[in-house]
């Protein structure tokens, strides 16, 4: 996006429709709010029909490279990939090089990775370079990458998210998010929690 131009923001899937919405005591007018990649949306984005949509308060930015975990498999953030795009890279197989990139970004060691991927540590270590893991393990790797990609997007700070994921959380029954990453249902619970943080439902 060229500097100085406004970004067309899509309606958030979980956005709240507000008729005659007000911001700081002022009605939303006919002029749409404008933002750049350096600004934050504080409350509303107006559509052409004059209806305002309440959005997340995090920064809207086109610089999504920091959210990509498996950068050899895809240049698109895993959290923004469609199911079919994920299926394609899983069928192709995730390479050891991509696993190394996940390991570096998430700051997880091989012991921690072997736990969340439910596989022997040696299986992860013995694979070399461009060699790819099978579909079962590739699917688990993509699942974990999806969580971290979404977390980095919402938290806007890799270190802060990497610390958060190991903290006990009452919304998860006192368990740390990391402790639930070793299965599909646990990952869904963690992703739902991040989503609630994104939309301000959880504090």
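For region 93-151, the tally of residues that are in a loop (DSSP other than H, G, I, E, B) and surrounded by fewer than 21 Cβ atoms within 10 Å (Cβ to Cβ) stands at 12. If I filter region 61-92 down to residues being assigned to a helix (DSSP H, G or I) and in contact with a helix residue (DSSP H, G or I) (Cβ under 7 Å, 6 or more places away or on another chain), which single residue comes out as surrounded by the most Cβ atoms within 10 Å (Cβ to Cβ)? Applying the filter and picking the extreme gives 78. As a summary of the residue check, residue 108 satisfies the conditions (1) in contact with a helix residue (DSSP H, G or I) (Cβ under 7 Å, 6 or more places away or on another chain); (2) at pLDDT 95 or above except for the one numbered (1). Only residues that are in contact with a helix residue (DSSP H, G or I) (Cβ under 7 Å, 6 or more places away or on another chain) and free of Cβ contacts under 8 Å to residues at least 12 places away in the same chain were counted in region 156-180, giving 1. In region 181-195, of all residues being in contact (Cβ under 8 Å) with a residue 12 or more places away in the chain and over 14 Å from residue 142 (Cα atoms), the one that is surrounded by the most Cβ atoms within 10 Å (Cβ to Cβ) corresponds to 190. Might you check whether a residue that is in contact with a helix residue (DSSP H, G or I) (Cβ under 9 Å, 6 or more places away or on another chain), over 21 Å from residue 82 (Cα atoms) and assigned by TED's automatic domain parsing to the domain that holds residue 104 occurs anywhere in region 181-189? Yes - at least one qualifying residue is present in region 181-189.
For region 154-170, the criterion of a residue being at positive phi, under 13 Å from the mean Cα position of the chain (by Cα) and in the same structural domain as residue 75 (by TED's automatic domain parsing) is satisfied by at least one position.
The values are calculated or read from the model by the stated rules, or taken from the named source; none is laboratory data. Everything quoted here is computed from the prediction, not taken from an experiment. Please note: Cβ atoms are built from the backbone with ideal geometry, for glycine as well, and neighbour counts cover all protein chains shown.
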